[in-house]
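Enquirer: Okay, handing you the structure first.
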Amino acid sequence: MTFLRHVFAIVAKDLAAELHTKELVSAMLVFAVLATLIFSFALDLRGALAQAAAPGALWVTIAFAGTLGLSRSLAREELTGGMEGLLLAPLDRSAIFCGKLLGNLLFMILVELLLLPLFTVLFEVWLLRGSILLITALGTAGYAASGTLLAAIAVNTRAREVMLPILLLPLAVPVLIAAVQATGALMEGAALAEVGVWLRLLVVYDLVMLAVALLTFGYVVEE
Amino acid sequence: MIKTVALTKAFGLRTALSRVTLQVAAGEFVALVGPNGAGKTTLLRLLATLSRPTSGTLTIAGLDPAKAGEAIRRQIGFLSHRTLLYDDLTAEQNLRFYARLYEVPEAPARIAALLEQVNLTARRHDLVRTYSRGMQQRLALARAVLHRPALLLLDEPYTGLDPQATATLTALLHELAGEGCTIVMTSHDLAQGLALARRVIALWQGRVVLDAPTATTSAAQLAALF
């Protein structure tokens, strides 16, 4: 219970800070909307072509918008020593990771809730169905888990804004490929059972990243 | 309260702290003095469990930081160069957040009392980023003592403070020392360190070069060491 209380205290703190500034979600949202508009108007796709391009465009947008948010979320901890304050407090290091992960996940899901309808309209593909939302949730969870861990590493480097995508994108290749493939198949009308391989890959990736992050986060944030 | 034996910390080839052996009893007020780069902050970070020693042993309240980190951290208050506050939260939100992490009993009353003590009650709903440096430092002090720590570690706490904040800090330190709180404070201001503490430990190039009561030590004597 104490662990959960600490996790929710960190999430509540991140939400309160974001309510004051709105800088993290607004930056992610503006980027996501602009990227979607550029993809839509630059490619000018209709019908089958739009259906083929939409999954890739969607996940590229989610990945880069997510990277913006992840980077800012951890930078906020470093700005005046907040992370040091967390490390000084009597709580498990993994509670810090879980709190940051849940906060990042909430911000990414919030942006996706606005992004998916926009994609549906501009690409003329129906994304708002249970199976696609499940894939989106699993893909986002995996991306946020690896991103939260790597952002904690990147934030202590001199080129933190550049470092996160360089570290994160190669590690996120499996989750992005699985998410794009599963989203594409589901958009073409496949049943969830037919994308079982990709679904299992997403679940395994999420679990492995979560386990690795929980085991290593303490070492990452300490000196 | 604190016991170190041959405590050493190296960063690559550079040894920041070399075989420091000392004991600080519960309730002592110790000033750690020395020039820049002497190893004061390194020692304080080791005591705060923010850093791991390269070699040697450290126990705080009889506990080993490697095995009982959480139990030790519950007893430590730390005021560093950085405020450890969130700029995007109000003063009250910052203290409420830390009160939840430290599970401070009767937190609202404790927060209200501390904000009053550091003269920030009127600004408690303002974002910390709108505060002056002195106000931020006063709030950082409230954060550091929020959970009534048995050991208070202060890293150059007077740096950048205005006269009001200096007076508030001095009064609070006297009060905490009177209540039996163990205080270790770094300072490069030798006179200030001597005026506040009961014992002075001088560091130079990572080594303890003097450990004496402040009553028998003068600022000129300390200055001659460096």
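The values are calculated or read from the model by the stated rules, or taken from the named source; none is laboratory data. Note that the structure is a prediction, hence the values are computed from the model and not measured. Here the Cβ positions follow ideal geometry from the backbone for every residue, glycine too, while neighbour counts run over all protein chains shown. SASA here: full protein model, heavy atoms, side chains in, ligands and nucleic acids out. Shrake-Rupley method; radii C 1.70, N 1.55, O 1.52, S 1.80 Å.
Enquirer: Ignoring everything but the protein chains, give the 1.4 Å probe accessible area of A:E124 in square angstrom, nearest 10.
Expert: In the full protein context, A:E124 sits at about 120 Å².
Enquirer: Between B:R129 and B:D162, what is the spin-label point distance in nm, taking each point 7 Å from the Cα along the Cα→C-beta axis?
Expert: 2.1
Enquirer: How many percent of DSSP beta bridges within the protein assembly as shown run antiparallel, rounded to 5?
Expert: Numbers: 20 of 38 bridges.
Approximately 55 percent, going by the DSSP bridge assignments.
Enquirer: Rounded to the nearest 10 Å², what accessible area does A:M108 have for a 1.4 Å probe in the complete protein model?
Expert: Surface open to solvent at A:M108 totals about 10 Å².
Enquirer: Can I ask one more? What does the accessible area of B:K3 come to, in Å² to the nearest 10, when a probe of 1.4 Å is used?
Expert: Using a 1.4 Å probe on the heavy atoms, I get roughly 100 Å².
Enquirer: How would you classify the stretch B:1-46 from its alpha-carbon gyration tensor, with a ≥ b ≥ c the square roots of the eigenvalues: rounded for a/c under 1.5, else prolate if a/b is greater than b/c, otherwise oblate? List each step's numbers first, then the result.
Expert: Details: a/c = 2.76, a/b = 1.58, b/c = 1.75.
Verdict is oblate for the stretch B:1-46.
Enquirer: With the Cα gyration tensor of chain A giving a ≥ b ≥ c as the square roots of its eigenvalues, does the rule (a/c under 1.5 for rounded; else a/b larger than b/c for prolate; else oblate) give rounded, prolate or oblate?
Expert: prolate
Enquirer: Then there is this: Helix B:107-117: angle to the longest alpha-carbon principal axis of chain B, degrees 0 to 90, nearest 10?
Expert: It is inclined by approximately 80 degrees.
Enquirer: Mind pulling the angle between the C-alpha long axis of helix A:93-123 and the longest principal axis of chain A? Nearest 10 degrees, somewhere in 0 to 90.
Expert: 20
Enquirer: Considering the zone a paramagnetic label at B:L225 would reach in this model (a point 7 Å from Cα along the Cα-to-Cβ line), which residues of the stretch B:181-207 have amide N under 20 Å from it?
Expert: Residues B:183-207 fall inside that zone.
Enquirer: So, one more: Could you name the lysines in cross-link range of B:K40, using Cα to Cα under 30 Å and dropping any fewer than eight places away on the same chain?
Expert: Partners found: B:K3, B:K9, B:K67.
Enquirer: Give me the inter-chain shielding for B:135-147: mean count of other chain Cβ atoms within 10 Å, whole number please.
Expert: Per residue, the average neighbour count from other chains is 1.
Enquirer: Let me ask something else. What does the extension gain come out to for A:W126 and A:R158, with contour length at 0.36 nm per residue minus their alpha carbon separation?
Expert: 7.3 nm
Enquirer: How much of the accessible area of chain B, probe 1.4 Å, is carbon plus sulfur, in whole percent? Walk me through the intermediate numbers first.
Expert: On the way: 5070 of 9420 Å².
Of all accessible area on chain B, carbon and sulfur atoms account for 54 percent.
Enquirer: Right, here's the next one. Taking Cα centroids, how far is the stretch A:48-101 from the stretch B:155-182 in Å?
Expert: 38
Enquirer: Enter the buried accessible area of the B/A pair, total of both sides, probe 1.4 Å, in Å² rounded to the nearest 100.
Expert: Interface area, both chains combined: 2800 Å², rounded to the nearest 100.
Enquirer: If Lys and Arg each add +1 and Asp and Glu each add -1, what is the summed charge of the other residues whose beta carbon sits under 14 Å from the beta carbon of B:I76?
Expert: Local net charge: +2.
Enquirer: Can you give the helix-only mean residue ellipticity at 222 nm for chain A, where every DSSP H stretch with n ≥ 4 adds -39500 (n - 2.57) and the sum goes over all residues, rounded to the nearest 500 deg cm²/dmol? It would help to have the intermediate numbers written out before the result.
Expert: Working: 9 runs with 190 residues, N = 223.
Result for chain A, helices only: -29500 deg cm²/dmol.
Enquirer: Right, here's the next one. Quickly estimate the mean residue ellipticity at 222 nm for chain B, helices only: each DSSP H run with n ≥ 4 gives -39500 (n - 2.57), and the total goes over all residues, rounded to 500. Don't skip to the end; give the middle numbers.
Expert: Details: 8 runs with 79 residues, N = 226.
Mean residue ellipticity at 222 nm (helix-derived): -10000 deg cm²/dmol.
Enquirer: By per-residue mean of other Cβ atoms within 10 Å, what is the highest-first order of B:100-107, A:193-200?
Expert: Highest-to-lowest ranking by the protection proxy: B:100-107, A:193-200.
Enquirer: Further, regarding this structure: Given 10 Å bins starting at zero, what is the percent of C-alpha pairs of the stretch B:68-167 in each, up to the one with the largest pair distance?
Expert: In order of increasing distance, the bins hold 17, 51, 30, 3 percent.
Enquirer: Now for a separate question. Enter the mean number of other protein chain beta carbons within 10 Å of the beta carbon of each residue in A:136-147, as an integer.
Expert: Partner Cβ neighbours, averaged per residue: 0.
Enquirer: Another question, if that's okay. Return a whole-number percent for the relative contact order of the stretch B:42-108, with Cα pairs under 8 Å and 6 or more residues apart as the contact set. Intermediate results must be reported in sequence, preceding the final value.
Expert: Values: 24 pairs, mean separation 13.3, N = 67.
Computed over the stretch B:42-108, the figure is 20 percent.
Enquirer: I would also like to ask the following. With angles folded into 0 to 90 degrees, how steeply does helix B:163-178 sit against the dominant principal axis of chain B? Use alpha carbons for both and round to 10.
Expert: Roughly 70 degrees, rounded to the nearest 10.
Enquirer: Calculate the spin-label point distance for A:A75 paired with B:L13, positioning each point 7 Å from the Cα along the beta-carbon direction, and give it in nanometres.
Expert: In this crude label model, B:L13 to A:A75 measures out at 3.5 nm.
Enquirer: Residues of the protein assembly as shown: accessible area per residue at 1.4 Å, in Å²?
Expert: Working: 18720 Å² over 449 residues.
On a per-residue basis, 42 Å².
Enquirer: Could you order the peptides A:179-190, B:142-153 from most to least packed, using the average number of other C-beta atoms within 10 Å per residue?
Expert: Averaged packing, sorted descending, gives the order B:142-153, A:179-190.
Enquirer: If you don't mind, another one. For peptide B:74-82, how many partner chain Cβ atoms fall within 10 Å of a residue's Cβ, on average?
Expert: So the per-residue partner count for this stretch is 3.
Enquirer: How big is the protein assembly as shown on each of its three principal axes, counting only the C-alpha atoms and giving the largest first in Å?
Expert: Over the protein assembly as shown, Cα extents along the principal axes are 88, 48, 39 Å.
Enquirer: A:F123: net charge of surrounding residues, Cβ under 14 Å, Lys/Arg +1, Asp/Glu -1, itself excluded?
Expert: Local charge sum for A:F123: -2.
Enquirer: Rounded to the nearest 5, what % of the DSSP beta bridges within the stretch B:59-204 are antiparallel ones?
Expert: Taking every DSSP beta bridge within the stretch B:59-204, about 20 percent pair in antiparallel fashion.
Enquirer: What FRET efficiency comes out for the pair B:E70/A:A12, r = Cβ-Cβ distance, R0 = 25 Å, nearest 0.05?
Expert: Step by step, r from the Cβ atoms, then E = 0.75.
Enquirer: Still on this structure: How would the stretch A:73-115 be classified by its alpha-carbon gyration tensor: rounded, prolate or oblate, with rounded meaning a/c under 1.5 and the a/b versus b/c comparison settling the rest?
Expert: oblate
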